[in-house]
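Just below is one structure, and these are the notes that go with it.
Values quoted throughout were computed directly from the atomic coordinates according to the rules given, and no laboratory measurement underlies them. The structure presented is a predicted model; accordingly, all values stated were derived computationally and were not measured. For neighbour counting, all protein chains shown are included, and Cβ atoms are generated from backbone atoms with ideal geometry for every residue, glycine included.
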Number of protein chains: 2
Amino acid sequence: MKIGLAQFDPTIGDFDYNCSRILHFTEKARDAGCHLVVFPELSLCGYPPRDLLERQEFISDNLRALDRVMAEAPDIGVLCGYASPSTRDCGKSIQNTAVLFEKGIVLGQVHKRLLPSYDLFDETRYFEPGAETRPLPFRGRALGITICEDIWNDRVLFPRRIYPVDPVAELAAHNPDIFINISSSPFDIKKADFRRHILSYLATKYRRPFVYVNTVGGQDGIIFDGNSLAIDPKGNLVVQAADFAEDLVALDTESMNGDMRRVSGSREEMIVNALQLGLKDYMRKCGFSRAVLGLSGGVDSSVTAAVAVMALGAENVLGVLMPSPYTSKESVEDAAALAESLKMRTVTVPINDVFCSYLQALAPHFAGQETDITEENLQARIRGNILMAISNKFGHLVLSTGNKTELAVGYCTLYGDLSGGYALISDVPKTMVYEIARHINSKGAVIPQKVLTKAPSAELKENQKDQDDLPPYDLLDAVLELYLEQNASPEQIIGQGHDRDLVRRIVQMVDRSEYKRHQAPLGPRITTRSFGYGRRYPIAHGYRTSF
Amino acid sequence: MKIGLAQFDPTIGDFDYNCSRILHFTEKARDAGCHLVVFPELSLCGYPPRDLLERQEFISDNLRALDRVMAEAPDIGVLCGYASPSTRDCGKSIQNTAVLFEKGIVLGQVHKRLLPSYDLFDETRYFEPGAETRPLPFRGRALGITICEDIWNDRVLFPRRIYPVDPVAELAAHNPDIFINISSSPFDIKKADFRRHILSYLATKYRRPFVYVNTVGGQDGIIFDGNSLAIDPKGNLVVQAADFAEDLVALDTESMNGDMRRVSGSREEMIVNALQLGLKDYMRKCGFSRAVLGLSGGVDSSVTAAVAVMALGAENVLGVLMPSPYTSKESVEDAAALAESLKMRTVTVPINDVFCSYLQALAPHFAGQETDITEENLQARIRGNILMAISNKFGHLVLSTGNKTELAVGYCTLYGDLSGGYALISDVPKTMVYEIARHINSKGAVIPQKVLTKAPSAELKENQKDQDDLPPYDLLDAVLELYLEQNASPEQIIGQGHDRDLVRRIVQMVDRSEYKRHQAPLGPRITTRSFGYGRRYPIAHGYRTSF
């Protein structure tokens, strides 16, 4: 049997579009001789629809879309994901379902058993779990079908399991010929390797081939990397779809051969591809074609601009230089050099007159007060307003250029540099921003070398340097990874060799800036734990552990 | 037996403070002759701690706090809520638990069975549900203890149940002498009545007294109203605690008599009390003592100012008048009259010079472009920046003054009037803002009459009136309530007599402004469905149902 893995990029709730793409890929699969084509989890409605799932018209439209696909699809088997009304008299009203159909007839359905409720997942909010999992017969084969999380609960791989059942083990007991998992599994820099490890382990353990079809695309702050694949019963990778792009690949289950695409070769390449996809999809799905960002001559705005130009084309990215008296000549030169090498258009809007007019307006009320963070924030906010004005006037999406490290410790200004619709590198720690910059430059010098070597500065007062206000970035990022991504306690972090006072200072900065993150623009997640939906902290709280 | 209902206002994670309060109320209860004192759900750590619950040091600190309370409490029975480590080898690592202790000895524990995962609740994200519920013996009585949601699943009251078990029915089969429920149940304007109805129904159905102890206080966007109470087996209210304030009341289980406090008499009084509590607690828990807001002379900023003065005292509220050439003389007079009647201090910061400096800075790039929404937003953003500058300089919390209707349809400016730390009336629909204003005035004229009668205007361009840009507020709010709170489909809304084109226009406005709400400040929830945590929509999506 030949199975097509149709890794596509749905738009949430755009049923016409999703139907057309499913029909398109089904025809392509039929033309390629496939007997069955497999689409990702909830591919009919897109993932995650969040509270749209609570709207009954959304569920009805999703059912109508399934009717249409079933009526119009060519005559091969199709396995695809949709939201099905629960038939139980108790519990949530819908289920996360995989439906197998051919020639307009439903051959079987499987409901997702394990509903993740952690990190950025909220599935227990919407879905009733499936009660059992049995193989579905298809053309003489028994297909062992599971949905995403269903394969993430093996006793050996996950010693502390969060679910009492293992649907794969349950299926295995019913002797399927092949396992198929449909997923909408978010990208992070460690995910692809881990996923392949799990699938290899399961294929080997149960001595069955394993087909895995994942969504691709950007959805708000989530990137789906695709990376669909098939593993043979010995654990070998025999089919590999592209990463960060739609793709159709096929597995021949007799020969255990199939298509092998190239995927990202390094972590940096992966990140750059993820950021590009996230940005492109956010803009397309929100109806933007052009982006605008401030160019400071620093590494953050340089990397943001470079990735935006790679994703959207130089003609669609506008750089705005907004110098103040604190802006060095070098910064202006570096920003101009960057724009030139990226071939992007820039405009210059000096902020000093506006800044002075604010100071004058506020002077009667600020008399006798010292200059402080107020004046620094004002400059950042003027720049935010100018970018928003350009956005309002010409319809550009404003790209916020802050990195994860700044957002973590609150080294950023609400309504200032935190203005924007999409914060492209907001989940990229500062040290990784440099790595990405070097990766981008390794393919031809793009970002001026000076940008990578000079000391980072916000240039909001005389002779300001980040390192006067913050711990060294390598230490800071190391502690932040432990505290934020691994959820390590301060004592554990200190136990790993970090200075107690340094850890105390960093933890305080993180805890005190939650209110800024609450109003920050979204951006693509690339680490194992990002801010936003994946990390939900109270703003008003009094928790200070003693250490 | 005499039972104390200790309705207190914990601060999340401030274990020292929460311990002291629990000990204080326990002593008070002992002094009042109580044999048992009951605290709300998760009262030891505060509710909801969100992802703090994923930090092991938080759980350890919470256990240490329990040890301290057990060691120091006077010798009466204490029932209180905390996060307990799960003893199962599978599932989430903690449980939402009620512990009953006396004289330093644990007499029993009950784990929450029903974990809400809808609206603003995420309990399946953190907790492993309890497996069974049995009465706990205490001084010869059997206490039928449940936690919050556990009582919200009766077959008759909830025909479509979302959980397969009913812990109250299960407990009833074991013949308890009394039911006790500890809750952290969020306020909305319909909640208190509904809660009393449920409790009366259950007391009558099982012919047992029912004691209900609820948290009080503001926690980010949630208000807990307190309203603890006891119902006798005939369904009569026999104990009533205050609403929106800490309280200790007692029930004598022999005589079925107890304390009866006055609670809010009208919906408007309830809302004003809720808003005051929300603001006070947000400020206290975040460490603010003073607030600043813009006074436009309109009803929204007038109501916000009046409530802030009631909550914080006039000396702690600063009003800022920020007139532009579009600001009418009447608006300035109305704002000044309001401030005078509230006895609050104001400063005036005209924005025209700053506005002109922006226009000048942008002129080279805006040449040939029409004046449009850009210039309106700029004015709103200048005002936002001025308020933030005052906040930065003097440490005031900025109160955002927008109402729910504006936020719903996007009639507000990101980084402009959406600037602020706390959006006091952001869950109050415009028509209800007027009702609240009239209620406030009914206790002595405070808000100038003209503010209540003139046509609302943003005054961002010549002769602008809200009603030129928006449907009439009464129709708008009626449709919004159906669409947002009742989740009615457009066809259902039209079926209730609303004009098809009007509904289409409103639904479009709501759907297109999700990105603004994503970056909006939080504010206290008073309706049955607020924006923020309780309503989670994707920003990038293509869902447009046809109607």
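Taking amide H as placed 1.01 Å from N in the peptide plane, residue A:250 has its amide H under 5 Å from the amide H of A:5, A:259, each at least 5 places away in sequence or on another chain. Partner lysines whose Cα lies under 29 Å from the Cα of residue A:2, excluding those fewer than 8 positions away in the same chain, are identified as A:28, A:103, A:112, A:191, A:205, A:234.
At 222 nm, what value in deg cm²/dmol follows for chain A if DSSP H runs of at least 4 each add -39500 (n - 2.57) and the sum is divided by all its residues, to the nearest 500? Walk me through the numbers on the way to the answer.
Numbers: 17 runs with 201 residues, N = 547.
Mean residue ellipticity, 222 nm, calculated: -11500 deg cm²/dmol.
Out of every Cα-Cα pair in the range A:389-527, what percent are more than 27 Å apart? For the range A:389-527, the share of Cα pairs beyond 27 Å comes to 25 percent. Compared with the direct C-alpha span, the chain from residue B:359 to residue B:105 gains 84.3 nm at full extension, assuming 0.36 nm per residue.
Taken over chain B, the alpha-carbon convex hull comes to 175 cubic angstrom per residue.
Just to verify a number: FRET efficiency for residue A:255 and residue A:17, C-beta to C-beta distance, R0 = 25 Å, to 0.05? Efficiency, from the Cβ-Cβ distance: 0.10. Sites listed here are trypsin sites (Lys or Arg not before Pro) in the range A:58-138 whose DSSP assignment is loop and whose Cβ has at most 14 other Cβ atoms within 10 Å: A:88, A:103. For the range A:262-293, the residues whose backbone nitrogen is under 12 Å from a point 7 Å from the Cα of residue A:443, taken along Cα to Cβ, are A:264-266, A:268-277. Its relative contact order, with pairs defined as Cα atoms under 8 Å and 6+ residues apart, puts the range B:2-255 at 20 percent. Ranked from shortest, the separations from the 7 Å Cα-to-Cβ label point of residue A:528 to its equivalents in the other copies are 4.3 nm.
Calculated FRET efficiency, residue A:468 and residue B:345, Cβ-Cβ r, R0 41 Å, to nearest 0.05?
0.65
Restricting the range B:334-428 to trypsin sites (Lys or Arg not before Pro) that sit in a DSSP loop and have at most 12 other Cβ atoms within 10 Å of their own Cβ leaves B:343. Close amide H partners of residue B:321, meaning residues 5 or more places away or on another chain with modelled amide H under 5 Å apart, are B:295, B:347, B:348, B:349. For the range B:26-143, list log₁₀ I(q)/I(0) at each q in 0.14, 0.17, 0.20, 0.22 Å⁻¹, using the Debye formula over Cα point scatterers of equal strength and ignoring solvent, two decimals each. Reported log10 I(q)/I(0), two decimals: -0.61, -0.87, -1.14, -1.30.
Reported to the nearest whole Å, the Cα centre-to-centre distance from the range B:61-135 to the range A:1-61 is 44.
Please tell me the relative contact order of chain B in percent, rounded to the nearest whole number, where contacts are Cα pairs under 8 Å and at least six residues apart. If you can, show how the numbers build up before the last one.
Working: 1127 pairs, mean separation 61.5, N = 547.
Taking the mean separation of contacting Cα pairs over the length of chain B, I get 11 percent.
Kirkwood hydrodynamic radius of the protein assembly as shown, from the reciprocal of the average inverse Cα-Cα distance over all distinct pairs: 30.8 Å.
Antiparallel beta bridges, as assigned by DSSP with both residues in the range B:2-255, represent about 65 percent of the total such bridges. With R₀ set to 35 Å, the beta-carbon distance separating residue A:67 from residue A:205 gives a calculated FRET efficiency near 0.35. Across peptide B:387-394, the mean count of Cβ atoms from other chains lying within 10 Å of each residue's own Cβ comes to 6. Here is the P(r) of the range A:2-257: all C-alpha pair distances, binned every 5 Å from 0, give 1, 7, 14, 20, 22, 18, 12, 5, 1, 0 in whole percents.
Compute the orientation-averaged projected area for the range B:270-469 from the convex hull of its Cα atoms and round it to one decimal in nm².
In nm², the orientation-averaged hull projection of the range B:270-469 is 11.0.
Farthest toward the positive end of the dipole of chain A, out of A:313, A:203, A:379, is the Cα of A:203, where the dipole comes from beta carbon charges about the Cα centre.
When Cβ neighbours within 10 Å are restricted to other protein chains, what is their mean count per residue of peptide A:117-129?
If you average over the peptide's residues, the count of other-chain Cβ atoms is 4.
Charge dipole (Cα centre; +1 on Lys/Arg Cβ, -1 on Asp/Glu Cβ; no other charges) of chain A amounts to roughly 740 debye.
Label points for residue B:197 are taken 7 Å from Cα along Cα→Cβ. From this copy to the others they lie 5.4 nm apart, shortest first. If you take all other residues with their beta carbon under 15 Å from the beta carbon of residue B:491, and give Lys and Arg +1 and Asp and Glu -1, the sum is +1. Shielding value for B:161-170 is 2, the average number of Cβ atoms from other chains within 10 Å of each residue's Cβ.
Amide H to amide H distances under 5 Å link residue B:180 with B:144, B:145, B:146, B:211, where only residues 5 or more positions off or on other chains count and H is placed in the peptide plane. Looking at chain A alone, DSSP beta bridges between its own residues are antiparallel in about 55 percent of cases. For the range B:424-527, the tally of Lys pairs with Cα-Cα distances below 17 Å comes to 5, considering only residues 8 or more apart or on different chains.
Taking the DSSP beta bridges with both ends in the protein assembly as shown, the antiparallel portion is around 55 percent.
The gain in end-to-end length when the residue B:330 to residue B:193 segment is fully stretched comes to 45.2 nm, 0.36 nm per residue minus the alpha carbon separation.
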